[in-house]
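**Student:** Below you'll find the structure I mean.
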Amino acid sequence: MKSKFHPDENGYFGQYGGAFIPELLYPNVKELADNYVQIIESEEFQKEYKSLLKEYVGRPTPLYLAKRLSEKYGAHIYLKREDLCHTGAHKVNNTVGQILIAQKLGKTKIIAETGAGQHGVATATVCALMGLDCTIFMGEKDIVRQAPNVARMKMLGAKVVPAISGSKTLKDATNEAIRYWIQHPETFYLIGSVVGPAPHPDMVARLQAIISEEMKWQLKEKTGKENPDTIIACVGGGSNAAGAFYHYLDDEDVELIAVEAAGLGVDSGESAATSQLGQVGIIHGSKTILMQDEYGQIVEPYSISAGLDYPGVGPLHAFLYETKRAKYMNATDQEALDAAFELTKIEGIIPALETAHALAVLSKIKFRKDQVVVVNLSGRGDKDLETYINHLKE
Amino acid sequence: MNSIQKLFQQKDKNLLSIYFTCGYPKLEDTTKVIAALEKSNVDFIEVGLPYSDPLADGPTIQDSSHKALENGINLDIIFNQLMTIKETNKTPLVLMGYLNQMLKYGEDRFCQKVVDCGIDTVILPDLPMVEFENHYKALFDKYGLTNVFLITPHTSEERIRKIDSYSKAFIYVVASASITGAKGDISNQQVVYFERIKNMNLQSKLIIGFGISDKQTFTTACKYANGTIIGSAFIKNLGENGIDKIDDFIKPIIS
Ligand SMILES: Cc1ncc(COP(=O)(O)O)c(C=O)c1O
């Protein structure tokens, strides 16, 4: 039986999705749509993909029972350690897969957008690995606040192009990447989250699904059961959450919690909590939930975390929100910072600012003592040290 | 009959259409720009709805859209502005905007307003054909609106033929793999593409746009199509020299 959480033939999850793209991109998107499932499901791809994930990325990532965190919140809290992936975040699961797809389609020039710089680094990394030409679009504001990742991308041989329009963040980097793609249709747009025109959201979800695939057998080993009670993940575009939820979407007894960035507070006017602030709209080729004004002009979001600073969510998330299959919570800048410091102090793990938002809701949930909770630890905090150091001084 | 079809009955060679951004350079300039363009004998006018994130547009139109939005322009103001010239303006108007603007305004409400303003043709560069077939064709038919499709150097022949069968006003021939913005001369490669489209003997009229900027590119493009659209080059001139100098920009092109 086909899951209702898989897209239909036009790339829709319920009313969300589709491919709202200028005509120039039609042949590219069609080529990908016609081929991606077949490529991903082929034995050859699976062999190369799984081998790279194991030997190069370092998978499987541990599922670690965080004892002191568990004690503190009165539940069995496991951390899915995506922060231990090569390049420091879950993003590389997707870039390893897409670079193989790009090669199968005969593409040699790669472009990508990045917010926190994790996707940019992960893209530059696989391009270096495969000897492909790499251009990364990044908002000018993010270039400043995620400087270490900019340096890494450059060292990896990527060209980093600043996006200077709009809020100069992830949305604008994506606009510039799409505009470049329109003008250079021979390039492969290696998109960084479950966003963009169909089939990108589904393709990225399938490539991140390795997270929940591993969780199943790891939980079985550790708890005797494949299913946890609760999975918690942060949502920018929604790729790490989609990967952590993927193999549990049809198991309605598994509670799914997605955490958005509230910035200075959901109603402060400085927020990126899309599900709370958005309505149906189109962004980057996808119909989804979008932060916009009454005339459909996109509202500039805000979050301390560059990776969550996005006015939309992937169409799968819009559908999970609408159908209430997942619960959407949020955390402010301050709550995320506090959660990052807490995890560092009691577990010795410095998380990425994005990930810290997922950790921040632990204090907002009332757990049963025997509740099995998995927090997807999407990335590590090296790139955010400057923000953390400034916060320490306060 | 559609207003653009009527226009083609009177004239089907060397048509000049100008794209401008509503509410630019100043909020109240929308109707003034239209009046000046009419006076300069422009054949039809593309009324650009400023959008915050115009994916198909280059820096010039991004910039004019941004300024217009800062000026406080919005769809209600634009529709009100267009209502005031409904009786006086005789030059056909084509509305160009992004799909999300229509979606958020309410699709029926949007279409009704467009019709109320005496406009019957729209261009939505991010409206794909499959969505048109599944939903928007019926909506537009209900209001007597015509949708203009874009084709590009990469659009397949089969798809062009289909687009041709859906087109009632004209086909918008995007001059190169490009976003909007002036490009300088027309290359041999572009000429090959224009010839290929021309030789398809489509039932639709053809208007070439994107990168057409002056007399020379206008004249070249008009050899292969019924006319052309100039956008960024016009807006750049408008921004630098103001409404008073619109005629100085248009006259050398069409004379
Ligand atoms: C560590 C980390 N987690 C989460 C995200 C958010 O992206 P997504 O919602 O696609 O997982 C990012 C994006 O940059 C990231 O770097």
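**Student:** Being at the interface with another protein chain (Cβ under 10 Å from one of its Cβ atoms) and in contact (Cβ under 8 Å) with a residue 24 or more places away in the chain is the filter here, so list the residues in the range A:134-166 that pass it.
**Tutor:** A:ILE164, A:GLY166 - these are the residues of the range A:134-166 that are at the interface with another protein chain (Cβ under 10 Å from one of its Cβ atoms) and in contact (Cβ under 8 Å) with a residue 24 or more places away in the chain.
**Student:** Here's something else I'd like to know. Any residue at all in the range A:372-381 that is over 19 Å from A:GLY192 (Cα atoms), hydroxyl-bearing (Ser, Thr, Tyr) and not assigned by TED's automatic domain parsing to the domain that holds A:GLY196?
**Tutor:** For the range A:372-381, residues over 19 Å from A:GLY192 (Cα atoms), hydroxyl-bearing (Ser, Thr, Tyr) and not assigned by TED's automatic domain parsing to the domain that holds A:GLY196: absent.
**Student:** Scan the range A:80-103 residue by residue and report those that are open to solvent by less than 30 Å² (accessible area, probe 1.4 Å) and either more than 13 Å from the ligand (Cβ to nearest atom) or within 14 Å of chain B (Cβ to nearest Cβ) (or both).
**Tutor:** A:VAL96, A:GLY97, A:GLN98, A:ILE99, A:LEU100, A:ILE101, A:ALA102
**Student:** Right, A:ALA306: within 16 Å of the ligand (Cβ to nearest atom) and more than 16 Å from A:TYR73 (Cβ to Cβ) or not?
**Tutor:** yes
**Student:** Moving on. Determine, yes or no, whether A:LEU32 is crowded, with 18+ Cβ neighbours inside 10 Å, within 22 Å of the chain's Cα centre (by Cα), within 30 Å of A:ASP370 (Cβ to Cβ) and touching a residue at least 40 places away in the same chain (Cβ under 8 Å).
**Tutor:** Judged against the criteria, A:LEU32 is not a match.
**Student:** Kindly check whether there is at least one residue in the range A:42-50 that is open to solvent by less than 10 Å² (accessible area, probe 1.4 Å) and either touching a Ser or Thr at 6+ places or on another chain (Cβ under 7 Å) or in a strand (DSSP E or B) (or both).
**Tutor:** no
**Student:** Let me ask something else about it. Looking at (1) open to solvent by less than 40 Å² (accessible area, probe 1.4 Å); (2) facing another protein chain (nearest Cβ under 9 Å), can you tell me which one B:LYS104 breaks?
**Tutor:** For B:LYS104, the failing item is (1).
**Student:** Quick one: in the range B:79-101, of everything that is among the hydroxyl-bearing types (Ser, Thr, Tyr) and part of a loop (DSSP other than H, G, I, E, B), which residue is nearest to the other protein chains (Cβ to nearest Cβ)?
**Tutor:** By that ranking, first place goes to B:TYR98.
**Student:** Taking the condition open to solvent by 10 Å² or more (accessible area, probe 1.4 Å), away from chain A (no Cβ under 14 Å) and within 18 Å of the chain's Cα centre (by Cα), does B:LEU139 pass?
**Tutor:** Judged against the criteria, B:LEU139 is not a match.
**Student:** Looking at the range A:1-48, which of the residues that are polar (S, T, N, Q) and more than 25 Å from B:LEU103 (Cα to Cα) is nearest to the other protein chains (Cβ to nearest Cβ)?
**Tutor:** A:ASN28
**Student:** Quickly run through the range A:51-87 and pick out the residues that are in a loop (DSSP other than H, G, I, E, B) and of a type outside the set (D, E, K, R).
**Tutor:** Passing the criteria: A:GLY58, A:PRO60, A:THR61, A:PRO62, A:ALA66, A:GLY74, A:ALA75, A:CYS85, A:HIS86, A:THR87.
**Student:** To continue, here is another question. From A:GLY157, A:GLY192, A:GLY139, A:GLY196, grab the single residue that is out of contact with any helix residue (DSSP H, G or I) (no Cβ under 7 Å at 6 or more places or on another chain), among the small types (Gly, Ala, Ser) and at pLDDT 95 or above.
**Tutor:** A:GLY196
**Student:** Using beta carbons and a limit of 8 Å, which pairs, at least six apart or on different chains, have the first residue in the range A:342-368 and free of Cβ contacts under 8 Å to residues at least 40 places away in the same chain and the second one open to solvent by 20 Å² or more (accessible area, probe 1.4 Å) and within 13 Å of the ligand (Cβ to nearest atom)?
**Tutor:** A:THR344/A:ILE350; A:ILE350/A:ARG380; A:ILE350/A:ASP382
**Student:** Here's another thing I want to ask about it. For B:VAL192, state whether it is more than 10 Å from every other protein chain (Cβ to nearest Cβ) and over 20 Å from B:GLY97 (Cβ atoms).
**Tutor:** Taking the combined requirement at face value, the residue satisfies it.
**Student:** With B:ASP57, B:ASP76 as the choices, which residue is within 26 Å of A:THR288 (Cβ to Cβ), within 14 Å of chain A (Cβ to nearest Cβ), surrounded by 23 or more Cβ atoms within 10 Å (Cβ to Cβ) and not hydroxyl-bearing (Ser, Thr, Tyr)?
**Tutor:** Going through B:ASP57, B:ASP76 in turn, just one is within 26 Å of A:THR288 (Cβ to Cβ), within 14 Å of chain A (Cβ to nearest Cβ), surrounded by 23 or more Cβ atoms within 10 Å (Cβ to Cβ) and not hydroxyl-bearing (Ser, Thr, Tyr): B:ASP57.
**Student:** Considering only the range A:179-209, how many residues are among the aliphatic types (A, V, I, L, M) and open to solvent by 10 Å² or more (accessible area, probe 1.4 Å)?
**Tutor:** Number of matching residues: 2.
The values are calculated or read from the model by the stated rules, or taken from the named source; none is laboratory data. Just so it is clear, the model here is predicted, and its values are computed rather than measured. Cβ: placed from backbone, ideal geometry, glycine included. Neighbour counts: every protein chain shown. Ligands, DNA and RNA are excluded from the accessible area calculation, which covers all protein heavy atoms including side chains. Shrake-Rupley method; radii C 1.70, N 1.55, O 1.52, S 1.80 Å.
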